[in-house]
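What follows is a set of notes on a single structure, which appears directly below.
Any read-out appearing in this document is the output of simple, stated calculations on the displayed coordinates, not a laboratory observation. Treat the numbers as computed from the prediction; the structure is a model and nothing was measured. Because the Cβ atoms are built from the backbone with ideal geometry, glycine has one as well, and the counts that use them run over all protein chains shown.
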């Protein structure tokens with residue numbers, strides 16, 4: 001993985017939009033406020049499922065969620081997280097989650113070799129539809145139901161991810177991303193504010209702030225100023241205080257550090273992630289790559 005990247009405006013635009021879409025599905029997590037009763041057990045199951053997901057144990061993630069589905073069949077978040085497990089297993093299989101995918105502009109622009117699995121695609125979209133049905137049923141009774149809003153934010157974002165990263169429908173996916181921002185804004189309006197929800201807007205700030213002026217002129221997202229500094233600050237806030245998505249924010253910040261030519265910061269972030277998630281093979285591999293570039297012939301950070 002090269003730490004020195006030649007960044008044309010077109011390539012930067014593609015990369016930034018793709019990395020943003022990749023995290024949309026994770027952007028609002030933690031907004032749900034666990035109510036009293038059986039849903040507290042669902043919250044515990046979701047925590048356990050995310051722990052497995054961060055270690056890339058997709059089978060273990062599904063097992064936890066399937067058990068909880070039997071106990072709480074009306075919970076849209078259980079299905080929304082299953083969607084995430086399907087999506088990220090596919091992204092991992094296609095090697096889209098590797099850092100050099102996002103730091104090598106040629107790989108971002110030319111993805112002709114990516115062939116989606118039709119079986120996984122069907123399972124993914126069927127699960128999205130069922131999660132959305134349950135979420136909309138809740139909203140019909142309680143328009144500000146946090147679990148329902150969160151589930152819709154997640155599934156809308158993941159459909160966006162699939163369109164952009166797997167099916168390579170770049171421009172169509174951008175309009176879907178704006179819909180995800182609508183759900184994210186509603187989640188941020190909950191009282192108290194949810195730190196994890198800043199993932200969406202922090203990423204958008206970085207994207208818009210990195211675009212050439214002529215592209216920025218045509219890009220408009222509510223509540224986004226186009227400040228790279230603000231974007232990094234909001235992502236750092238999620239990394240430090242996020243309930244569910246602190247680790248994912250740290251991964252994104254590591255990618256940004258490489259793009260901004262700060263490999264030492266990327267190494268620090270990846271080393272922390274490798275310590276927290278030692279069973280995740282991708283994190284360990286990416287840390288080794290960065291460390292070899294920084295310390296040729298020396299000791300590789302573990």
For this session: Sort 227, 210 so that the residue with the fewest other Cβ atoms within 10 Å of its own Cβ comes first and the one with the most comes last.
Result: 227, 210
For this session: Fewest Cβ neighbours within 10 Å first, please rank 256, 96, 207 accordingly.
Result: 96, 256, 207
Exercise. Expressed in nm to one decimal, what extension gain is obtained for the pair residue 288 and residue 276 from 0.36 nm per residue of sequence separation less their Cα-Cα distance?
Worked result: 2.8 nm
Exercise. Given the Cα-Cα distance of residue 67 and residue 123 and 0.36 nm per residue of separation, how much length would full extension add, in nm?
Worked result: 18.4 nm
Problem set entry | Sorted by Cβ neighbour density within 10 Å, fewest at the top, the residues 206, 277 | 277, 206
